[in-house]
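Below is one structure, written out as structure tokens, with a few remarks after it.
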Amino acid sequence: MSEIFKSEVTLSENGFLFDHGSGLTYTLNTTGQFIFRQLQSGQKSKQIMEKMLDEFEVIEETARKDLDDFFRQLNELGLIDL
Amino acid sequence: MSLNVAVTGLHAADNPAPGLGVIRCLHHPEKWDGKIIGLAYDVLDTGIYDEGLLGHAYLIPYPNTSSKAFLERLQYIHQQEKIDVIIPTLDSELTVFQKIAPELKSLGIATFIPPKQITDRISKSQLAEFCESENIPYPETIVIKDPGELKAAVKKIGFPLMIKGVYYEAYTCKSMEDVHQYFELLRLKWGLPMILQKKLDSEEFDVCCVSDTNGDLLGAVPIRKTRLTDKGKAWAAVTLKNEQLMELSRRILKKLKWSGPCEVEILKDKKTGEYNLIEINPRFPAWIFLSTGADQNLPKMVIELAMGKTVSPMAPAKSGICFVRHATDLVCPMDYIENLTMLGELHYKSSE
């Protein structure tokens, strides 16, 4: 488990996320799943950003905003420590 | 070794007692190799009629009648069935079982329950004192012993707050009118003292634990209730992997030198992230069958402890295991009801 996560988390192939510490579940869209899997494999924000630009047809500004928003939400939900 | 086990708490209607969950654990993964004897308080305690679970059912007197009558009835049942272990599962029975435990032992009937001096420390009116003395986090609490203390206590705690009866029931109060209304209701029902407690903006977790006579934790299943009935009872839950819950439970039971099963209720303050103890129920919870899915058959562990065996701590419970409670209708012939009404006992043919 990547150190950024507060507790063990499982993301299924379908995008169903289970937080083993709190028992809460979430559903992630395709972009969310992509970012989350990068986090799980220990990638940092800058590397994830580069992979997003490779993977999706998106300009850097939009990708950065999406990434920041997603990190903020994960932080607010208590899933990661920023 | 084949053991005959008697279990109480068989009524599973809208507020299910834990007995049936305990029995289902004993039958997991294979049918229990010994008698399962149901001890019921009422002819219509629903679990009596779950034919695959019990071999025998007996009515017993309510625990608040007299410990002598209670013991005599158990002696009679023991003569018929040779009970090896009793697992009591209701809060209201604990006092009588604590009282008659030595007599049961001399009859050859084992129990594994915490002694009275330990359960007294976690009674609703004493819990705050225990937490304070042992440095266990808990929501600000004031025990009201006299109606004259109410106003100052409310002022100190502030709104919203919980008002709790000394035995059962709790209400949220958002105003002084609420306080007066529920104070009167609880005073008439349960008398004083009463407990005022700060209501935290929080998430609730439960941990079902079993510890040995030194208070060392041997098994524990932490859960989050994911759906509640209107009575606040779980009808769905999921098992967790949460070291903070485990550590707090371990610390509490060690401080108490708790022996036996219990359900530790813990609130996580959303603001501070701190885990607070709110209650310890001195018995298995009604959702105990979930423990089998988490690879921790805690009722079987209690039987081993009751029989004096040395038990090693279990591996951590498996997380991400869910249960959903499902109501069903049991059908039976009238002679089952007749036997229980007229004779106070019922014996299933399948057990002969």
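The values are calculated or read from the model by the stated rules, or taken from the named source; none is laboratory data. Note that this is a predicted model, so its numbers are computed, not measured. Cβ placement follows ideal geometry from the backbone for every residue including glycine, while neighbour counts extend to all protein chains displayed.
The helices (runs of 4 or more DSSP H) located wholly in region B:119-213 that include 2 or more residues which are modelled with pLDDT of 95 or more and closer than 26 Å to B:I288 by Cβ occupy B:127-134.
Any residue in region B:261-282 that is polar (S, T, N, Q) and either free of Cβ contacts under 8 Å to residues at least 40 places away in the same chain or out of contact with any helix residue (DSSP H, G or I) (no Cβ under 9 Å at 6 or more places or on another chain) (or both)? So far as region B:261-282 goes, yes, one or more of its residues are polar (S, T, N, Q) and either free of Cβ contacts under 8 Å to residues at least 40 places away in the same chain or out of contact with any helix residue (DSSP H, G or I) (no Cβ under 9 Å at 6 or more places or on another chain) (or both). Looking only at region B:223-242, count every residue that is within 14 Å of chain A (Cβ to nearest Cβ) and either in a loop (DSSP other than H, G, I, E, B) or within 30 Å of B:Q117 (Cβ to Cβ) (or both) and tell me the total. Looking only at that region, the number is 4.
Filtering B:G260, B:G273 for residues that are more than 12 Å from chain A (Cβ to nearest Cβ) and on the phi > 0 side of the Ramachandran plot leaves a single hit, B:G260. Restricting attention to region B:13-35, the residues that are out of contact with any strand residue (DSSP E or B) (no Cβ under 6 Å at 6 or more places or on another chain), modelled with pLDDT of 95 or more and aliphatic (A, V, I, L, M) total 3.
Going through region B:155-182 one residue at a time, which ones are closer than 17 Å to B:Q126 by Cα and touching a strand residue (DSSP E or B) at 6+ places or on another chain (Cβ under 6 Å)? Matches in region B:155-182: B:M162, B:I163, B:K164, B:A170. Give the residues of region B:14-67 that are among the charged types (D, E, K, R) and under 20 Å from the mean Cα position of the chain (by Cα), sorted by residue number. Answer for region B:14-67, where residues must be among the charged types (D, E, K, R) and under 20 Å from the mean Cα position of the chain (by Cα): B:D14, B:R24, B:D42, B:D45.
Kindly evaluate B:M246 against the criterion of being within 13 Å of chain A (Cβ to nearest Cβ) and hydrophobic (A, V, I, L, M, F, W, C). Against the criterion (within 13 Å of chain A (Cβ to nearest Cβ) and hydrophobic (A, V, I, L, M, F, W, C)), B:M246 qualifies. Residue count for region B:328-352 satisfying the condition of being part of a helix (DSSP H, G or I), within 19 Å of B:L20 (Cα to Cα) and modelled with pLDDT under 95: 2.
Among residues that are under 19 Å from B:A306 (Cα atoms), in a strand (DSSP E or B) and touching a residue at least 12 places away in the same chain (Cβ under 8 Å), B:L218 is included. Exactly one residue out of A:S22, A:S45 is in contact (Cβ under 8 Å) with a residue 12 or more places away in the chain, out of contact with any Asp or Glu (no Cβ under 6 Å at 6 or more places or on another chain), more than 27 Å from B:C322 (Cα to Cα) and of a type in the set (G, A, S): that is A:S45. Quick one: is B:G273 within 19 Å of the chain's Cα centre (by Cα) and part of a loop (DSSP other than H, G, I, E, B)? No: the conditions fail for B:G273. Given the structure, is B:E140 more than 28 Å from B:N15 (Cβ to Cβ), without any contact (Cβ under 8 Å) to a residue 12 or more places away in the chain, acidic (D, E) and surrounded by fewer than 19 Cβ atoms within 10 Å (Cβ to Cβ)? Answer is no for this residue.
Considered as a group, the residues in region B:222-254 that are among the hydroxyl-bearing types (S, T, Y) and either surrounded by fewer than 24 Cβ atoms within 10 Å (Cβ to Cβ) or not assigned by TED's automatic domain parsing to the domain that holds B:E274 (or both) include one that is modelled with the highest pLDDT, and that residue is B:T226. Quick check on region B:200-214. Is at least one of its residues of a type outside the set (S, T, N, Q), within 14 Å of chain A (Cβ to nearest Cβ), farther than 23 Å from B:Y138 by Cα and surrounded by 22 or more Cβ atoms within 10 Å (Cβ to Cβ)? There is no residue in region B:200-214 that is of a type outside the set (S, T, N, Q), within 14 Å of chain A (Cβ to nearest Cβ), farther than 23 Å from B:Y138 by Cα and surrounded by 22 or more Cβ atoms within 10 Å (Cβ to Cβ).
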